[in-house]
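What follows is a set of notes on a single structure, which appears directly below.
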Amino acid sequence: MIPLFHDFTDETVLVVGGGPVGARKARKFAREADVLVLSPAFADADFGDAERVQAAPEPEDAADWVARADPALVVAATDDNDVNDAFAEAARERGALVNRADEAGGREADSVVVPATVRDDPVTVAVATGGASPALSKYLREQLEDELAGAGGMAELTGDLRADLRAAGVDPETRRNAVRAVVRSGPVWKALRTGGTNARQRADDVAADVVGNSEWST
């Protein structure tokens, strides 16, 4: 499977199943999409801002529910294989993506795996094991959380730096070398991770060493 990032803004995600797994999926997607959770009962769990509809759909009801929700993605997360099959088939018939919470390993076309994610906006890192080992995905996510501290700030800082170097007329190759030097700079990372106010100044100093003060000054 090839990892991709999908923008679900203003899209609907239909989650079928109100157990702990359904809650986790709903909570993740509710950060961005309109989420509808369909289940005869709901676990005592956080569903985020998802809308919950209490219903017990049979396999023959799947096409109607999918048509009414018109989702970009259907998450089949019940403990009934026939219901999951029916909703997956109905989703594919309408061109929606499918996430089967009860499957691991090989999947049909149009299937997606929801990875474990680490966010330090605008940086997002996703970890997946193809459904083979959710425990490993969770462990790796926890390890990456510390490693990525400050990554969002670094992304914003170097984005601003690139724009300033371009505006100053610095040639593309030198710009790239300057930004790479900043990304690899321990003092800049330290300033970002400790909340220091001098991260940009440190970055400018690193860039100046690459560019040359005659061309670039702060």
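The values are calculated or read from the model by the stated rules, or taken from the named source; none is laboratory data. What you see is a predicted model; the values in this text were computed from it and never measured. Methodologically, a virtual Cβ is constructed for each residue, glycine included, from the backbone with ideal geometry; neighbour enumeration extends over all protein chains shown. Remember, those area values only see protein heavy atoms, side chains included, never the ligands or the DNA or RNA. Shrake-Rupley method; radii C 1.70, N 1.55, O 1.52, S 1.80 Å.
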Test: residue in the stretch 188-209 that is charged (D, E, K, R), open to solvent by less than 60 Å² (accessible area, probe 1.4 Å) and touching a helix residue (DSSP H, G or I) at 6+ places or on another chain (Cβ under 9 Å): yes
Condition broken by ALA135, with the remaining ones in (1) surrounded by 14 or more Cβ atoms within 10 Å (Cβ to Cβ); (2) free of Cβ contacts under 8 Å to residues at least 12 places away in the same chain; (3) under 20 Å from the mean Cα position of the chain (by Cα) satisfied: (1)
When residues of the stretch 145-167 are limited to those that are over 17 Å from ALA191 (Cβ atoms) and in contact (Cβ under 8 Å) with a residue 24 or more places away in the chain, the one farthest from the chain's Cα centre (by Cα): LEU165
Failed item in (1) of a type in the set (Asp, Glu); (2) surrounded by 14 or more Cβ atoms within 10 Å (Cβ to Cβ); (3) under 17 Å from the mean Cα position of the chain (by Cα), with GLU142 passing the rest: (2)
Complete set of residues in the stretch 60-88 that are surrounded by 15 or more Cβ atoms within 10 Å (Cβ to Cβ), touching a residue at least 24 places away in the same chain (Cβ under 8 Å) and either within 25 Å of the chain's Cα centre (by Cα) or assigned to a strand (DSSP E or B) (or both): VAL66, ALA69, PRO71, ALA72, LEU73, VAL74, VAL75, ALA76, ALA77, THR78, ASN84, PHE87
Number of the condition not met by VAL170 [criteria: (1) within 25 Å of the chain's Cα centre (by Cα); (2) assigned to a loop (DSSP other than H, G, I, E, B); (3) buried (at least 17 other Cβ atoms within 10 Å of the Cβ); (4) not aromatic (Phe, Trp, Tyr)]: (1)
